[in-house]
Amino acid sequence: MKRGRSTMRGSNPLPAAGEGASRVSEGRERGRAHAKNAPSPAQGGGGGAAPLRNDLVLVGEFGRAHGLKGEVRLKSHTGDPQAIARYRPLIASNGKTYSLKSVRPAPGGAPDLLIAVVDGVTTREASEALNRVQLFVERDKLPPPEEEDEFLLADLIGLTVQTEAGEIIGTVVAVPNYGGGDLLEIAPVPSGPTALLPFTRAFVPVVDIAGRRIVAAPPDDLFEPARPEPEDEA
C-alpha cells in the first residue's frame, strides 16, 4: 500500500480484512490511520487512571449514555468502525475489561460514532459511568506490519516534528481526520496552541519511526492564530 488505507485485523475472532485497526504505510498519499497509543499517566484516559502499560493500542472511547437500558455511545478508531465489537476483551482506562455484545451506527451519519450494548451494562446509571472511558487492545495481539514501511497511527503519536533544516518545531499529539484526509495535530515547542498539518507527502516528506521523528515542510504561519474573516460590506 502506498500511503493509502491499510487495515489491521483483530483477534478472538479475527475480523475480516479491512475491519480492524488501520495501519499507515509510505506511499504517494497517506490514507486514514487509526489506533492510538495508550496515554501516559499524566495524560489520563477518561473514566479513571490510564493503564500503566505501553503495549496497548487505543481502539475506541465510550461517550454519553443512550436511552434507559444501558446502551452507550462509542467512538470507534478501527478501520471498519463496527469491527471494534470483535476485539475481546477490551482493556479500559478505568482498569476494567469490557466486551461489546453489539454495536450499530449512531444517529447523525458519522460512521465512527456507534451505539453499543456492553456485556453486563443494563441500566442508564451504569452506562453513564462509562462516559470518556477509553478502550484498548494489546499491541502483540495485532499482526505485525506486512511491509517494512508500514506503521500504526500509534507509532506517530509522540514523534518529534522538525523542519527539513533540522529545526524542531513540535510534537505530534494526535492524527485527526475530519473527512478531508488525515491531519497531524502538532503541539509547538516550547508551548502554545496546537496546529494542524495535512498528512501528505508534500507536507510530511519523511516519517522516521526508528528515529522518533517526522520531517515536515510546514507553511510559515503554521502556528499563527487564524485571522478573522472580513465582514461583508453592506
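The values are calculated or read from the model by the stated rules, or taken from the named source; none is laboratory data. All figures in this text were calculated on a predicted structure; none of them were measured in a lab. Glycine also receives a Cβ, built like all others from the backbone with ideal geometry; neighbour counts cover every protein chain displayed. When the accessible area is computed, the model is the full protein with side chains, heavy atoms only, and any ligands, DNA or RNA have been set aside. Shrake-Rupley method; radii C 1.70, N 1.55, O 1.52, S 1.80 Å.
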Give the residue that is modelled with the highest pLDDT, with candidates limited to residues of region 174-225 that are in a loop (DSSP other than H, G, I, E, B) and among the charged types (D, E, K, R). R212
When you check A35 against the structure, is it modelled with pLDDT of 85 or more and open to solvent by less than 20 Å² (accessible area, probe 1.4 Å), yes or no? no
The condition from (1) in contact with a His (Cβ under 8 Å, 6 or more places away or on another chain); (2) within 12 Å of V59 (Cα to Cα); (3) surrounded by fewer than 21 Cβ atoms within 10 Å (Cβ to Cβ) that R88 misses is numbered (1)
Residues located in region 122-161, provided they are over 18 Å from the mean Cα position of the chain (by Cα), open to solvent by 20 Å² or more (accessible area, probe 1.4 Å) and at pLDDT 95 or above: T122, T123, R124, E125, A126, E128, A129
Within region 91-121, restricting to residues that are in a loop (DSSP other than H, G, I, E, B) and either touching a Gly at 6+ places or on another chain (Cβ under 7 Å) or of a type in the set (A, V, I, L, M) (or both), the one that is surrounded by the fewest Cβ atoms within 10 Å (Cβ to Cβ) is A110
Region 206-220: number of residues that are open to solvent by less than 50 Å² (accessible area, probe 1.4 Å) and under 13 Å from A165 (Cα atoms): 5
